[in-house]
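Undergrad: I'd like to ask some things about the structure below.
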Amino acid sequence: WEGNRIKDINEADFGRKEIEIAEVEMPGLMACREEFGPSQILKGARITGSLHMTIQTAVLIETLHKLGADLRWCSCNIFSTQDHAAAAIAKAGSAKVFAWKGENLQEYWELTFEALNFPNNQGPTILVDDGGDATMMILEGAKWEKIYEERKELPDPARYETEDEKNLYAVLKRTIPEDPTRWRRCIKDLAGVSEETTTGVHRLYQIAKKGELPFPAINVNDSVTKSKFDNVYGCRHSLPDGIFRATDVMIAGKKVVICGFGDVGKGCAEAMVGCGARVYVTEIDPICALQACMKGLQVVRLESVLKEADIFITTTGNKNIIMAEHMAQMKNNAIVGNIGHFDNEIDYHGLCNWPEIKKVEIKPQVERFQFPDGHGIIMLAQGRLLNLGCATGHPSFVMSNSFTNQTLAQIELWTNRNTGKYKNEVYKLPKELDEKVARLHLKSLGAELTVLSKEQADYIHVPVEGPYKNEDYKY
Ligand SMILES: NC(=O)c1ccc[n+]([C@@H]2O[C@H](COP(=O)([O-])OP(=O)(O)OC[C@H]3O[C@@H](n4cnc5c(N)ncnc54)[C@H](O)[C@@H]3O)[C@@H](O)[C@H]2O)c1
Ligand SMILES: O=C(Nc1ccc2nc(N3CCOCC3)sc2c1)c1ccc(CN2C(=O)C=NC2=O)cc1
């Protein structure tokens, strides 16, 4: 399809049907269209997005488009694109899309370049990033342009360690000689970036700390209405979703171990209690452990429950939580899954290399590993995020909260591109906007907010219209 690079335009109608369903579940985005659409507040903006090309992201894209922006979009993960979502956006012309499920790394970086390459060799004027790859391409591109200007040659991409780096620099090596000032022009044109996740935000703070951030950045990840929704409510919904789709196991009456009792662990434990399980928690942090006790949960060491628990879920964001040695001691057909960090909470590699282990794929993303003694364990999503591998990630309503933050952040960056309000630093959205995101999601749930009297507002020292909490309030 002219100007797009997607898998199959024939999936567009299916995508459109799912987008229309998702819109009803994304009231915050629909409210933004109502409020900011008439004024075309993003008119003139060129937005590049590097964020999972899913049905929910399609609703974000069409919201930004309806606010007047011109968009080009790629995914931030080689597997996360839903091809029917990409096709629907391409067919509607809401954005030019450069993404398909199952990209290789060379394609991934070529597609990221395409998303950054507007007509007439222009770059974006605002950026939506998830994990920081688009930001990195721009910053590394500007760095390599200076090298090229001085030496009239560029380093060999093969010098880099990872396949990721090799492929990123291969794109830069090809494109810089064609237009040796592109990336510096892009930086000059950019009003800023709004970053979706912890990883990307961490990278931005590191760059800013070195004084090397050349445009403003808004940390969407740490909006309460983003992180609590992603971490607590998103996982509370999608953990059982993934387990049910993968195993059809009856959770009620079973012993479930949740490793980690942070935001994700709290959501997961609550879901498992709701399913009628007996829930055990492992923790390193005494405060989180005490919180688990206050919920009536048993705080244990993993080693103490290996032989009796039925389901083990890691949520720690740490590595080496469940090792092959642990799984060798588990009861027959114990279920093991991860919903925390990418793929190193569970020792999947060690399990695959256990002497005389037998691996049988029950169905995609569900494997049974049988030990020499005949007992086996059921591994979900190869130890990767089971809510993505075995289900469809977070539900639309959860993403509506995240993406309404993204939309408000894009408006902030664009409308303040010439006001000097934002310096080349990393900002969180003001609490008023965080509260606004929450407000935009109440009506569809039938919630009725109470309004403070002036006297009450003065009594608790807050404005009648908010913000209602101070910056370090723990929701
Ligand atoms: N799958 C998803 O959709 C999804 C969504 C949001 C977050 N996450 C990921 O989940 C992870 C956790 O996120 P979070 O917001 O809950 O973080 P968090 O820091 O709030 O919680 C992690 C908890 O694990 C505990 N922990 C660390 N090491 C441990 C160990 N060895 N044993 C037991 N407990 C240990 C910590 O004390 C902490 O309480 C992160 O990697 C995050 O990126 C995944
Ligand atoms: O990462 C995401 N998705 C994803 C899907 C499949 C997949 N398959 C993989 N592999 C690994 C190697 O072996 C083959 C299989 S990795 C992988 C990743 C992802 C994250 C957040 C949102 C945010 N989100 C929602 O949750 C809902 N809408 C959203 O935009 C989406 C996808």
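The values are calculated or read from the model by the stated rules, or taken from the named source; none is laboratory data. These numbers were taken from a predicted model, which means no experiment stands behind them. A quick note on method: Cβ atoms are made from the backbone with ideal geometry, for glycine too, and the neighbour counts reach across all protein chains shown. Only protein heavy atoms, including side chains, enter the accessible area calculation; ligands, DNA and RNA are left aside. Shrake-Rupley method; radii C 1.70, N 1.55, O 1.52, S 1.80 Å.
Let's see how each residue does on (1) in contact (Cβ under 8 Å) with a residue 60 or more places away in the chain; (2) closer than 24 Å to residue 267 by Cα:
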site: 389; (1), (2): yes, yes
site: 402; (1), (2): yes, yes
site: 420; (1), (2): no, no
site: 429; (1), (2): yes, no
site: 434; (1), (2): yes, yes
site: 447; (1), (2): no, yes
site: 451; (1), (2): no, no
site: 463; (1), (2): no, no
site: 467; (1), (2): no, no
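Undergrad: State whether one or more residues within the stretch 31-40 are more than 30 Å from residue 443 (Cα to Cα), free of Cβ contacts under 8 Å to residues at least 24 places away in the same chain and small (Gly, Ala, Ser).
TA: No, because not a single residue in the stretch 31-40 is more than 30 Å from residue 443 (Cα to Cα), free of Cβ contacts under 8 Å to residues at least 24 places away in the same chain and small (Gly, Ala, Ser).
Undergrad: Which condition breaks for residue 329 when tested against (1) within 25 Å of residue 238 (Cα to Cα); (2) open to solvent by 10 Å² or more (accessible area, probe 1.4 Å)?
TA: Condition (1) is where residue 329 drops out.
Undergrad: Which residues, counting only those in the stretch 267-278, are surrounded by fewer than 23 Cβ atoms within 10 Å (Cβ to Cβ) and under 28 Å from the mean Cα position of the chain (by Cα)?
TA: Those that are surrounded by fewer than 23 Cβ atoms within 10 Å (Cβ to Cβ) and under 28 Å from the mean Cα position of the chain (by Cα): 270, 273, 274, 275.
Undergrad: Identify, by number, the condition in (1) within 16 Å of ligand 1 (Cβ to nearest atom); (2) open to solvent by 10 Å² or more (accessible area, probe 1.4 Å); (3) in a helix (DSSP H, G or I) that residue 11 doesn't meet.
TA: It fails just one condition, (1).
Undergrad: Out of all the residues in the stretch 327-361, which are more than 16 Å from ligand 2 (Cβ to nearest atom) and under 30 Å from the mean Cα position of the chain (by Cα)?
TA: 327, 334, 335, 336, 347, 350
Undergrad: I'm told residue 456 meets every condition in (1) assigned to a helix (DSSP H, G or I); (2) open to solvent by less than 20 Å² (accessible area, probe 1.4 Å) except one. Can you identify the failing condition by its number?
TA: Of the numbered conditions (1) assigned to a helix (DSSP H, G or I); (2) open to solvent by less than 20 Å² (accessible area, probe 1.4 Å), the odd one out for residue 456 is (2).
Undergrad: Which condition from (1) away from ligand 1 (no atom under 16 Å from the Cβ); (2) in a loop (DSSP other than H, G, I, E, B); (3) open to solvent by 10 Å² or more (accessible area, probe 1.4 Å) is the one that residue 76 breaks?
TA: Failed condition: (1).
Undergrad: Tally the residues that are open to solvent by less than 30 Å² (accessible area, probe 1.4 Å), charged (D, E, K, R) and at positive phi, restricting the search to the stretch 141-197.
TA: The number of residues fulfilling the criteria is 0.
Undergrad: To continue, here is another question. Within the bounds of the stretch 235-248, is there any residue that is in contact with a helix residue (DSSP H, G or I) (Cβ under 7 Å, 6 or more places away or on another chain), surrounded by 22 or more Cβ atoms within 10 Å (Cβ to Cβ) and either at positive phi or modelled with pLDDT under 95 (or both)?
TA: For the stretch 235-248, residues in contact with a helix residue (DSSP H, G or I) (Cβ under 7 Å, 6 or more places away or on another chain), surrounded by 22 or more Cβ atoms within 10 Å (Cβ to Cβ) and either at positive phi or modelled with pLDDT under 95 (or both): absent.
Undergrad: Here is a further query. Inspect all residues belonging to the stretch 61-69 and state whether any of them is within 13 Å of ligand 2 (Cβ to nearest atom), outside any loop (DSSP other than H, G, I, E, B), touching a helix residue (DSSP H, G or I) at 6+ places or on another chain (Cβ under 7 Å) and touching a residue at least 24 places away in the same chain (Cβ under 8 Å).
TA: For the stretch 61-69, residues within 13 Å of ligand 2 (Cβ to nearest atom), outside any loop (DSSP other than H, G, I, E, B), touching a helix residue (DSSP H, G or I) at 6+ places or on another chain (Cβ under 7 Å) and touching a residue at least 24 places away in the same chain (Cβ under 8 Å): present.
Undergrad: Another one. From 85, 31, which residue is at negative phi, assigned to a helix (DSSP H, G or I) and crowded, with 24+ Cβ neighbours inside 10 Å?
TA: 85
Undergrad: Mind checking whether some residue in the stretch 176-192 is away from ligand 1 (no atom under 16 Å from the Cβ), assigned to a strand (DSSP E or B) and at pLDDT 95 or above?
TA: yes
Undergrad: Residues to consider are 349, 341; find the one that is free of Cβ contacts under 8 Å to residues at least 40 places away in the same chain, within 30 Å of residue 127 (Cβ to Cβ) and either away from ligand 1 (no atom under 13 Å from the Cβ) or not aliphatic (A, V, I, L, M) (or both).
TA: 341
Undergrad: Within the stretch 294-324, take every residue that is open to solvent by less than 60 Å² (accessible area, probe 1.4 Å) and assigned to a helix (DSSP H, G or I) and give me the one that is farthest from ligand 1 (Cβ to nearest atom).
TA: Here the answer is 324.
Undergrad: Run down 25, 110, 114, 103 and say which single residue is of a type in the set (D, E, K, R), touching a Phe, Trp or Tyr at 6+ places or on another chain (Cβ under 7 Å) and within 27 Å of residue 385 (Cα to Cα).
TA: 25
Undergrad: Mind checking which helices (runs of 4 or more DSSP H) fall wholly inside the stretch 366-448 and carry at least 2 residues that are within 16 Å of ligand 2 (Cβ to nearest atom) and surrounded by 22 or more Cβ atoms within 10 Å (Cβ to Cβ)?
TA: 386-389, 396-415
Undergrad: Name every residue in the stretch 88-100 that is open to solvent by less than 10 Å² (accessible area, probe 1.4 Å) and under 24 Å from residue 175 (Cβ atoms), in order of residue number.
TA: Passing the criteria: 90, 95, 97, 98, 99.
Undergrad: List pairs: first residue in the stretch 254-268 and within 18 Å of residue 222 (Cα to Cα) and without any contact (Cβ under 8 Å) to a residue 40 or more places away in the chain, second residue within 16 Å of ligand 2 (Cβ to nearest atom) and charged (D, E, K, R) anywhere in the structure, Cβ distance under 8 angstrom, at least six positions apart or on different chains.
TA: Every condition considered, the pairs that remain are 263/228; 267/236.
Undergrad: When you scan the stretch 101-117, how many residues do you find that are crowded, with 21+ Cβ neighbours inside 10 Å and in a loop (DSSP other than H, G, I, E, B)?
TA: Result for the stretch 101-117: 1.
Undergrad: Does residue 50 satisfy being within 18 Å of the chain's Cα centre (by Cα) and at negative phi?
TA: So residue 50 passes the test.
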